[in-house]
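To keep things clear, I will list the structure first and then write my remarks on it.
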Amino acid sequence: MESATVAAGHGHADHHGPPEAHESSRMDRQTLGILLFIVSEVMLFGAFFASYFFLRVVVDPPSWPPEPYELPVAVAGINTAILVSSSFTIHYALESVRRGNHAGLKLGLVATWLLGATFLFIQVNEYAHIGFSARDLGFGSIFYSLTGLHGAHVFVGLMLLTFATIRAFRGHFGPAAKDHLGVEVPGIYWHFVDIMWIIVYVTVYIL
Amino acid sequence: MPAAPMYGRLPIVKMLLVTVALTAVISAVMVPINWDGQQASTAAPKIDHLLNVMIVLSAFVFSLVMVMLFYALWKFKAKPGDESDGEPIHGNTRLEIAWTLIPTVIVLFAGGYSWKVLDDIEEPVPEGQQLTVAVFSQQFAWSFAYPGKNYAWSEGELHVPVDRQVHFKMHALDVIHSFWVPEWRIKKDNVPGITTTAIVTPDRVGTYQLVCTELCGFGHSTMRAKVVVEPRDEFEEWVEGLDQEAPEALMEAVELDSATNPPALGAGGA
Amino acid sequence: MVAALKRPGWWRGLLGAVAFGAFGFGLVIALRAISDLPIYQTEQTGYPHIVVPAVLAPLGFLAGFGCFDYWLRWAVGAPTIPEDHSQHGATSWKDYFRFNTDHKVIGIQYVVTTFFFFFVGGLLAMLIRAELAQPGAQIVEASTFNGLFSTHAVLMIFVFVIPVFAGLANYVLPLMIGAPDMAFPRLNALSFWMLPLAGILFIASYLAPGGAFDAGWTGYAPLSTGAPLGQSFFNLGVQFAGASSIATALNFLVTIITMRAPGMTFWRMPLLVWANLSTSLLVVAATPFIAGVQFMVLFDRALHTNFFDAAAGGDVVSYQHIFWFYSHPAVYIMMLPGFGIISEVISTHARKPIFGYRLMALALIGIVVLSYSVWAHHMFVAGMFSWLRVPMMITTLLIAVPTGIKIFSWLGTLYFGKIHTYSTAMLFALAFIVTFTIGGISGVMLGMVPIDIHVSDTYFIVAHIHFVLFGGSVFTIFAGVYHWFPKMTGRMYDEKLGRVHFWGTLVGTWGTFVPMHWVGMDGMPRRVADYAEQFGNWNLLISVFAFMLGAAQLVFLYNMIVSWRFGPKAEGNPWRANSIEWQVSSPPPIFNFDEIPRVVGGPYEFGVPGAKHAIMPGEGAEVPAGEKSVVGST
Ligand code: HEA
Ligand code: HEA
Ligand code: CUA
Ligand SMILES: [Cu+2]
């Protein structure tokens, strides 16, 4: 009580900082934070998948995809392979930094970044040649919004990777768990982006 | 833990008696009142009865809460200047089980009964005995198409025969509207792109108002139509008297709606 | 001046807003020019040259204001500003008007901002009541009227009730669990600063051609997809409000899970912490749905997609499913934190342990789980799958059970206690129990399909809304504000004025919203600017009580302002409460604690001989750590 009251009256800021918070969980804040964030991301996709369900199953148009549209399943399949492989490269990057192999870290990050960028490029290219727009029926709307929403996530993921890469080249990050959260957290997010794509691909292109 | 015996010290029986008495009083005042207004369909008395049952149950729940609250306030209010703490009771399993189970029973009963009433009021008569009326709503007007005599068309005025089940097949031409005749107790949205159905058996001759109850724009509060429930012969006369036909554009929908309905109004029916 | 533009703050924020806004404007113009479209697209759902800047300008403001400075430097690996705590704490009122990472400052920023919006929303309600005082047109014509209740509800829900709870919890929750601050202080500040932006977007819609958004707070398609520009402001505002509350919820969850003081096990957390844990679970998993559905509406409006255009393969009812999958949980997002507040207030002022603590916590979790399975009770007459009605009716009714557990447990807490009613907080808490029970019961009636078929979209709904939201949520908010006012401001408020406000509000609420049940059942639809003669007298009565209710709020406003400025100094623990926030000075030290307290017992151990909740720094360790808590053992 006293000590508290003494410390009261603002302005002591520069004299002492806050006390270290007690760690009541084994998980660190950043990791838990990104996992919870991913939960709400999943629900955001969920909203659009719900819409997909209504437009396809409830409205139940005579054919899906409606004549004459068709989807480049193969190209998208290759794209899927590209994105999935990027999950391994980011994993490699993480393993490397854990083992203190900085070159491997950089290599892994750059490789992941390039694979992700390629994916985006191919997807944009696909949009350009696919032959229907978001204005063509509910089908067009939901196709573009699902793939586009995912594309946006790839973009955000690339941003995070860019940051991680820059810092890696500036010599940041170390083997200790606390010292490479800047790689691990974007990594978790990137894995999520990949898994989400597999779900989108299967739903939109294959089913 | 000395909790249980302590609650034994309460005049539980007395409190329950007061609760029951209060319930009786509230019910006695509220049940006789006709909250929902005039009844003009077979569904109305059923729904109103359900409401009354619920009023009694609610009165009980509410009285229970009031009695518990005010007894506590009367009995356990701190004397001025009394700085001491209450008795360290942390709970009482029996009580907690009681007030988990009792509400469960009440709501399950309410749910089951509602289910029965719902099935009841939506029970369709055998195919072909109903009268089908196609309803078209748009900002901010109602129109109706009748089978037989190639789909007579009426704007802003709905006539139906008394004591015959009517199936309203509803279509919205722009945004969502909602079909409600308070005296019938029946309400259903009209949704663009799909056909919704409302089943009503008007059982009281008279003139009522059809109210749009889904926000549909600046004219929402004025989107009304006249509803006339009349004996069958008058009704048929009125339909004969209609000289407009359903617009071409809507004909397809109307035919689909009336598929199960005898073309001649006379056939089937009560 | 130039220096001011370099420093994070209002000037740079303004610059950022203008710059980003101009960029967005230019972008649209340029793109339309090269794709030789008409430069300005002014079909009412379009206006890209306004919508795009409306997205970018707020972001520009946030960037300029300094919300991202640290992260950007960190991201590119530049040497981050050494943490000198210069962004932490408030030494003058000015510190409340800058990017501040102190959860106590943010808490106050939240509460003050949200109450500003409450008064604006209330003023709109007064206009509604003035229009409805008599049949026929009084002050506004129909189209304007629809804008009034839409903005009224949106302001009240998205920038008052939901965030004000986040604000109160922001202030007290870290103190309660013995944490020096929230887990992500900068994110916390960012979530706050997104809020006024949302509110401004909502209010700014009045300036849009075609007037404010007027499709109701539910914004049902296709009415909303065809509505004038104002609707787009709603779509965008919701995004900012939503992002803000998701970020705050993440922050609460991480804080509660990772930063509890030693000894603060889950079963020793105050129920307010439990309540915000549950609420945050709802926010994180449900809010994305309204974000999603408002994006779809925006796309349908601006890009002419066909999500809700039945003519082009869209589905109209899908809007309602997705909307309510958020907006039903939202109603508990607006209630559970209040439950937490009531638990604190009642147990403190009845000087008694919470009755059935564990069941109280479990009931919260039960409500969270159930509330994901009831959304369609808003759609019983909407023409959705008819088979879904009965299952949703059952789950809906079952929610009465965990809620009832809470009501009865609060009542049980009063028994054999020493009930003090000198505090306005306690008065509101007790009144809440009664008023909310009414609102809940009318909810249960609505949950019964046949009854709902009749009263859906009538004033019976309006009555329910306000009994649960005003008599429920807002009463708990008042209770919370009064309860923690001494802690937040270091001063006591005036209990006499508090009582005037309390009685005015109680009588006003009942007088205003009880008759609404009657006119509703008797056939008066909601959302109408005009109504049948027969309801004239009742509505006049309602309006009179509404104005009195409004006047009562002015008393509250006066009391808060004057007491904050001139009220008598408050000591650390005026209510003799147990939880940790009361064991520090009022207002608390800038860093909350010199060292983290040690928790050795439950938070509500009133009357338990020798029991103690926490050992504060400086106190002798006379109480052995890890002493067994008796909380919940029955
Ligand atoms: C704080 C906000 C809040 C809260 C807590 C609630 C709580 C509940 N609401 Fe409400 N509701 C709204 C806000 C809220 N609602 C709003 C804003 C709307 C309108 C949206 C619009 O604009 O269209 C709405 C609309 C609404 C509808 C749709 C009506 C329609 O549009 O046709 C329904 C239907 O089921 C409903 C039901 C319920 C139920 C069953 C509860 C339950 O949670 C209540 C549980 C509580 C109790 C029951 C009281 C205490 C319990 C006991 C004392 C135990 C014993 C009780 C019994 C056995 C009955 N609500
Ligand atoms: C937390 C949410 C909340 C709160 C606090 C309120 C508060 C109030 N509401 Fe509101 N309301 C809603 C949520 C809320 N409402 C919702 C969700 C709807 C549905 C909208 C829709 O259909 O889409 C609605 C709709 C609604 C309607 C129905 C509109 C219609 O369907 O046509 C009405 C009508 O009377 C109304 C009235 C009031 C009144 C009188 C208050 C009062 O309690 C307000 C009291 C507060 C003040 C008055 C502010 C303080 C005083 C001043 C600012 C000074 C000025 C005072 C005077 C001039 C006396 N509200
Ligand atoms: Cu049509 Cu309201
Ligand atoms: Cu609901």
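The values are calculated or read from the model by the stated rules, or taken from the named source; none is laboratory data. Every value quoted in this text rests on a predicted model; they were computed, and no experiment measured them. Here the Cβ positions follow ideal geometry from the backbone for every residue, glycine too, while neighbour counts run over all protein chains shown.
Things worth noting here:
- Residues that are part of a helix (DSSP H, G or I) and within 14 Å of another protein chain (Cβ to nearest Cβ), drawn from the stretch C:473-499: C:PRO486, C:LYS487, C:MET488, C:THR489
- Among the residues here, C:VAL369 does not qualify as in a helix (DSSP H, G or I), at the interface with chain B (Cβ under 9 Å from one of its Cβ atoms) and farther than 30 Å from C:ALA611 by Cα.
- Filtering the stretch B:166-222 to residues that are more than 16 Å from ligand 2 (Cβ to nearest atom) and among the small types (Gly, Ala, Ser) leaves B:ALA172, B:GLY193, B:ALA198, B:GLY206.
- Scanning the stretch A:168-183 for residues that are surrounded by 21 or more Cβ atoms within 10 Å (Cβ to Cβ), assigned to a helix (DSSP H, G or I) and not β-branched (Val, Ile, Thr) yields A:ALA168, A:HIS180.
- For beta carbons closer than 9 Å, sequence separation of 6+ or different chains, a first residue in the stretch A:54-65 that is closer than 18 Å to C:MET296 by Cα and within 10 Å of chain C (Cβ to nearest Cβ) and a second that is crowded, with 17+ Cβ neighbours inside 10 Å and among the polar types (S, T, N, Q), the qualifying pairs are A:PHE54/C:SER318; A:LEU55/A:SER141; A:LEU55/C:ASN306; A:LEU55/C:SER318; A:VAL58/C:SER318; A:VAL59/C:SER318.
- Residue satisfying all of: in the stretch C:396-414; within 15 Å of ligand 4 (Cβ to nearest atom) and hydroxyl-bearing (Ser, Thr, Tyr); farthest from the chain's Cα centre (by Cα) among these: C:THR396
- Whichever residue in the stretch C:280-310 is among the β-branched types (Val, Ile, Thr) and away from chain B (no Cβ under 14 Å) and, among such residues, is farthest from A:LEU146 (Cα to Cα): C:VAL283
- Count - residues of the stretch C:414-443 that are polar (S, T, N, Q) and facing another protein chain (nearest Cβ under 9 Å): 3
- Filtered residues of the stretch B:214-226 (kept if at negative phi and surrounded by fewer than 24 Cβ atoms within 10 Å (Cβ to Cβ)): B:PHE218, B:GLY219, B:SER221, B:THR222, B:MET223, B:ARG224, B:ALA225, B:LYS226
- Any chance B:ASP36 is among the charged types (D, E, K, R), within 9 Å of chain C (Cβ to nearest Cβ) and touching a Gly at 6+ places or on another chain (Cβ under 9 Å): yes
- Summed over the stretch B:133-159, residues that are crowded, with 21+ Cβ neighbours inside 10 Å and touching a Pro at 6+ places or on another chain (Cβ under 7 Å) total 1.
- Any hit, the stretch C:201-218, residues being surrounded by 21 or more Cβ atoms within 10 Å (Cβ to Cβ) and closer than 23 Å to C:GLY9 by Cβ: yes
- Per the conditions (1) within 11 Å of ligand 1 (Cβ to nearest atom); (2) more than 9 Å from chain B (Cβ to nearest Cβ); (3) closer than 25 Å to C:GLY219 by Cα; (4) not aromatic (Phe, Trp, Tyr), the sole criterion not satisfied by C:LYS406 is (3).
- Only one of C:PHE478, C:PHE485, C:PHE470 that is under 22 Å from the mean Cα position of the chain (by Cα) and away from ligand 2 (no atom under 13 Å from the Cβ): C:PHE485
- Here is the figure for the stretch C:136-169: residues that are within 25 Å of C:GLY210 (Cβ to Cβ) and away from ligand 1 (no atom under 15 Å from the Cβ) total 12.
- Looking only at the stretch C:372-403, and only at residues there that are away from ligand 2 (no atom under 16 Å from the Cβ) and outside any helix (DSSP H, G or I), the one that is farthest from the other protein chains (Cβ to nearest Cβ): C:SER373
- Odd one out for C:ASN578, checked against (1) away from chain B (no Cβ under 13 Å); (2) under 18 Å from C:ILE177 (Cβ atoms); (3) not hydrophobic (A, V, I, L, M, F, W, C): (1)
- Residue within the stretch C:127-142 that is within 16 Å of ligand 3 (Cβ to nearest atom), among the aliphatic types (A, V, I, L, M) and not in a loop (DSSP other than H, G, I, E, B) present: yes
- Each residue in the stretch C:444-456 was checked for being within 16 Å of B:SER178 (Cα to Cα) and more than 7 Å from chain B (Cβ to nearest Cβ), and 2 of them qualify.
- So C:PHE325, is it outside any loop (DSSP other than H, G, I, E, B), more than 7 Å from every other protein chain (Cβ to nearest Cβ) and under 28 Å from A:PHE53 (Cα atoms): yes
- First in the stretch C:364-384 and under 19 Å from C:THR403 (Cα atoms) and in contact (Cβ under 8 Å) with a residue 40 or more places away in the chain, second anywhere and among the aromatic types (Phe, Trp, Tyr) and away from ligand 4 (no atom under 12 Å from the Cβ), Cβ under 8 Å, 6 or more apart: C:LEU364/C:TRP274; C:LEU364/C:PHE339
- Screening A:VAL6 against (1) farther than 30 Å from A:ASP179 by Cα; (2) at pLDDT 95 or above leaves a single unmet condition, (2).
Quick grid of which residues meet (1) more than 27 Å from B:GLN38 (Cα to Cα); (2) part of a loop (DSSP other than H, G, I, E, B):
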{"site": "B:SER143", "(1), (2)": "no, no"}
{"site": "B:VAL160", "(1), (2)": "no, no"}
{"site": "B:ARG164", "(1), (2)": "no, yes"}
{"site": "B:ASP189", "(1), (2)": "no, no"}
{"site": "B:ILE194", "(1), (2)": "yes, yes"}
{"site": "B:GLN209", "(1), (2)": "no, no"}
{"site": "B:PHE218", "(1), (2)": "yes, yes"}
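- Filter result for C:GLY107 (away from ligand 1 (no atom under 16 Å from the Cβ), in a helix (DSSP H, G or I), in contact with a His (Cβ under 9 Å, 6 or more places away or on another chain) and more than 11 Å from chain A (Cβ to nearest Cβ)): no
- Some residue of the stretch C:2-10 being in contact (Cβ under 8 Å) with a residue 60 or more places away in the chain, in contact with a Lys or Arg (Cβ under 7 Å, 6 or more places away or on another chain) and of a type outside the set (A, V, I, L, M): yes
- Scanning the stretch C:207-257 for residues that are over 16 Å from B:PHE218 (Cβ atoms) and among the hydroxyl-bearing types (Ser, Thr, Tyr) turns up C:THR218, C:THR225, C:SER232, C:SER244, C:SER245, C:THR248, C:THR255.
- Restricted to the stretch B:107-124, and to residues there that are under 18 Å from B:VAL200 (Cα atoms) and within 7 Å of chain C (Cβ to nearest Cβ), the residue that is surrounded by the fewest Cβ atoms within 10 Å (Cβ to Cβ) is B:TRP115.
- Unmet requirement for C:ALA532, which otherwise passes all of (1) over 30 Å from C:ALA376 (Cα atoms); (2) within 14 Å of chain B (Cβ to nearest Cβ); (3) under 26 Å from the mean Cα position of the chain (by Cα); (4) aliphatic (A, V, I, L, M): (3)
- Residue count for the stretch A:38-53, restricted to those that are within 7 Å of another protein chain (Cβ to nearest Cβ), of a type outside the set (A, V, I, L, M) and in contact (Cβ under 8 Å) with a residue 40 or more places away in the chain: 2
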